[in-house]
1. When the residues of region 375-398 are filtered to those that are at pLDDT below 95 and closer than 16 Å to D315 by Cβ, which remaining residue is surrounded by the most Cβ atoms within 10 Å (Cβ to Cβ)?
2. Would it be correct to say that A350 is assigned by TED's automatic domain parsing to the domain that holds E386, in a helix (DSSP H, G or I) and closer than 15 Å to S98 by Cα?
3. Go through the residues of region 262-270 one by one and say whether even a single one is on the phi > 0 side of the Ramachandran plot and surrounded by fewer than 19 Cβ atoms within 10 Å (Cβ to Cβ).
4. When you go through (1) touching an Asp or Glu at 6+ places or on another chain (Cβ under 7 Å); (2) part of a helix (DSSP H, G or I); (3) surrounded by 24 or more Cβ atoms within 10 Å (Cβ to Cβ) one by one for A117, which number turns out not to apply?
5. Please count how many residues of region 210-241 are outside any helix (DSSP H, G or I) and without any contact (Cβ under 8 Å) to a residue 12 or more places away in the chain.
6. Answer with yes or no whether R334 is assigned to a loop (DSSP other than H, G, I, E, B) and surrounded by 15 or more Cβ atoms within 10 Å (Cβ to Cβ).
7. For region 8-68, please list each of the helices (runs of 4 or more DSSP H) lying entirely inside it that holds at least 1 residues being under 24 Å from G176 (Cβ atoms) and in contact with a Cys (Cβ under 7 Å, 6 or more places away or on another chain).
Amino acid sequence: MSDPRSEGRGYGPAIAHHAAAARAVALPAEVLEKARLHLLDTLAAIVSGAVLEAGIAGQRYAASLGGPGVAPVLGTRMRAPLVEAALANGMAAHADESDDSQEDSQTHPGCGVVPAAIVVGATLGCSGDAILRAAVLGYEMTVRFARALGGAMTFRSSSLSSHAYGPLFGAGYAAGALMGFDADAFMVLLNYLAQEASGLTTWRLDQRHTLKSYVFGGMPAMNGVKAATLVRAGFTGGGDALEMSERNMLDAISPQPRPDALTQNLGERFAIMQTDIKRYPVGYPIAAPVAALEAIIAEHRIAAAEVTAIRIHYDEDWYKVVGDKSRMPDVNLRYCMAVTMLDRRLTFDAAHDAARMRSPDVVRMGERIAMLGPAPGLERFAAAVEVEAGGRIFRHEQGRNVRGRIENPMARDEVEAKAAELMGTVLPAAKVRAAIAMLRHVEKVTDCRELVALLTI
């Protein structure tokens, strides 16, 4: 179907019927495999983020409330109430910047959707197949709702954050699918998600990654699960929040909404297929310069001691996002480039070593780095890096399609290697190997608590 509204349904009912049917509709093989990879990648992000500051903050909050521990907090031995567990896992999912992202919707779908799906699925004993389907639906709703809010919700034109709005709907619909909602229940859910919709770009002021993790992952996962549990508890709510006669949710949030994005090609094109998996556990704008520098190091065998200057040519807007003033190592371009030159590649440990930012060798290398505007003919997402060493200049240009983008996707073995590195910072090697093996065919797992057992201490 090219547009479910052709059957005479409004936007809300069209989405509700699609969501209710998603539990039984066969997924194309390529969508199934992409979903497996995103599930693996995001679960690895949650586990690795559990020992970082933002992840620990979420755990501390969940523990402070007491109550029965019914849901798992991955990467720990802790259990927490359902809604608070969603928050804790969501905070961890974005704590280390390794989670996936979707460019044109300006969202990180996985860090909101997967924490919601895993805590609900583990609480209810859902199958791996149900988790995968819920994740695919959640990614779909994340991207479609963010797109529907329109181009007005961008850094340049709005203080509202699509990174919070989109994953809220993704998390809520994923949770509703695992709770077995029918189309009527999904219509009620939409009303409560619309009331929960919030988020500001003030996360860009965060210097410790806790607020950013809350906006991107913790808040959407928590509020999405909360809305679904309200509906499951019998809360009612009538009408279509997307298509009220005078005012609706989209109009309330955006001056230029695009409601057609909610249903166009629904069921035919899958948003998860247009979502990137990051190669590097850093803010995405850092990936292109780092990839260019790694290419120079690999090709020319340059030693750090030889380097007298490193020049980055990049769109200057990116420096506002990953500039050198941030105290967070994984979103500080100067730091990431300096440790890449010193270590010959950017590792997970280096990208999250805040103390190393003050190391004399890192500071000295950072002083040799100049962040310049784009070179002539360089497109916005491309970066050119020049390294001056031994009286010679070595240059490499990295185009927009850095490894991990949908146009240049990581192979399964690359995603698994990344996941092993991330999870290995927290879990024993045997558990990591077993979890990766199980996730290769997760749709055959009868109870996702088998997987959760491998992802907790």
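1. Within region 375-398, the match that is surrounded by the most Cβ atoms within 10 Å (Cβ to Cβ) is F381.
2. Values: assigned by TED's automatic domain parsing to the domain that holds E386: yes; in a helix (DSSP H, G or I): yes; closer than 15 Å to S98 by Cα: yes.
So A350 passes the test.
3. If we filter region 262-270 for residues that are on the phi > 0 side of the Ramachandran plot, which is where we start, we get 265, 267.
Those left that are additionally surrounded by fewer than 19 Cβ atoms within 10 Å (Cβ to Cβ): 265, 267.
Yes, region 262-270 contains a residue that is on the phi > 0 side of the Ramachandran plot and surrounded by fewer than 19 Cβ atoms within 10 Å (Cβ to Cβ).
4. Result: A117 passes all but (1).
5. Step one: filter region 210-241 for residues outside any helix (DSSP H, G or I), giving 233-241.
Still in the running and without any contact (Cβ under 8 Å) to a residue 12 or more places away in the chain: 233-234.
Of the residues in region 210-241, 2 are outside any helix (DSSP H, G or I) and without any contact (Cβ under 8 Å) to a residue 12 or more places away in the chain.
6. Working: assigned to a loop (DSSP other than H, G, I, E, B): no; surrounded by 15 or more Cβ atoms within 10 Å (Cβ to Cβ): yes.
It is false that R334 is assigned to a loop (DSSP other than H, G, I, E, B) and surrounded by 15 or more Cβ atoms within 10 Å (Cβ to Cβ).
7. Working: elements: 11-21, 29-49, 53-64.
Helices (runs of 4 or more DSSP H) meeting the threshold: 29-49.
Conditions (1) assigned to a helix (DSSP H, G or I); (2) not assigned by TED's automatic domain parsing to the domain that holds M341, marked per residue:
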position: V362; (1), (2): yes, no
position: A384; (1), (2): no, no
position: E388; (1), (2): no, no
position: I393; (1), (2): no, no
position: E416; (1), (2): yes, yes
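The values are calculated or read from the model by the stated rules, or taken from the named source; none is laboratory data. What you are looking at is a predicted structure, and each value in this text was computed from that prediction instead of being measured. Reconstructed Cβ throughout: ideal geometry from the backbone, glycine too, with neighbour counts over all protein chains shown.
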